[in-house]
Amino acid sequence: MTKASRLLRLLGWTSLGALIVCGLLAALLIHQLPADGIRLSIDGETWNFPALGAGHWLGVTLVLLAVVALLVIALPVALLLSVGVPLVVLLLVLAGTVLATVVALAVGLSPLVALGFLAWGAWRLLVRRPAPPAATIEA
């Protein structure tokens, strides 16, 4: 197992633990609300909310689960589609541009390359190579 995979595994388990702790803290905060109702005052205006029953708590719990599912599933998918796909398209366009440039240069410079190969072949034919030394037999 490589260090990178160990690090990713550690980060994954740490993130999962943090998510569970945050969920438990949110549930604790919600369940610590007063049982006789809530009074909220903002800028001198006061709103009175009635006490929450068992059905209300079930609804709050389901909403919290939906929010967590949204953050865990939908947010990464939205980021992937909004950032990842355009980056892949941009990289493909750049790769296609570089490939087209290389092909155009190869086609345009091919006569020079052919002349270079012809000159190299002629030079190899005209240059004399020294003869290999003859083997002598000693008695």
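Among the criteria (1) surrounded by 10 or more Cβ atoms within 10 Å (Cβ to Cβ); (2) part of a helix (DSSP H, G or I); (3) free of Cβ contacts under 8 Å to residues at least 40 places away in the same chain, the one L52 does not fulfil is (2). Filtered by the rule that a residue be at pLDDT below 85 and surrounded by 10 or more Cβ atoms within 10 Å (Cβ to Cβ), segment 9-33 gives L19, C22, G23, L24, L25, A26, A27, I30, H31, L33. For segment 99-112, a residue qualifies if it is loosely packed, with under 10 Cβ neighbours inside 10 Å and among the hydrophobic types (A, V, I, L, M, F, W, C), and the qualifying residues are V107, L112.
Would you be able to say whether some residue in segment 26-48 is assigned to a helix (DSSP H, G or I), in contact (Cβ under 8 Å) with a residue 40 or more places away in the chain and of a type outside the set (D, E, K, R)? Checking segment 26-48: not a single residue is assigned to a helix (DSSP H, G or I), in contact (Cβ under 8 Å) with a residue 40 or more places away in the chain and of a type outside the set (D, E, K, R).
Of the residues screened, A131 is not one that is more than 28 Å from A18 (Cα to Cα), among the small types (G, A, S) and surrounded by 10 or more Cβ atoms within 10 Å (Cβ to Cβ).
The values are calculated or read from the model by the stated rules, or taken from the named source; none is laboratory data. These figures come from a predicted structure and were not determined experimentally. Virtual Cβ from ideal backbone geometry, glycine too; neighbours counted across all protein chains shown.
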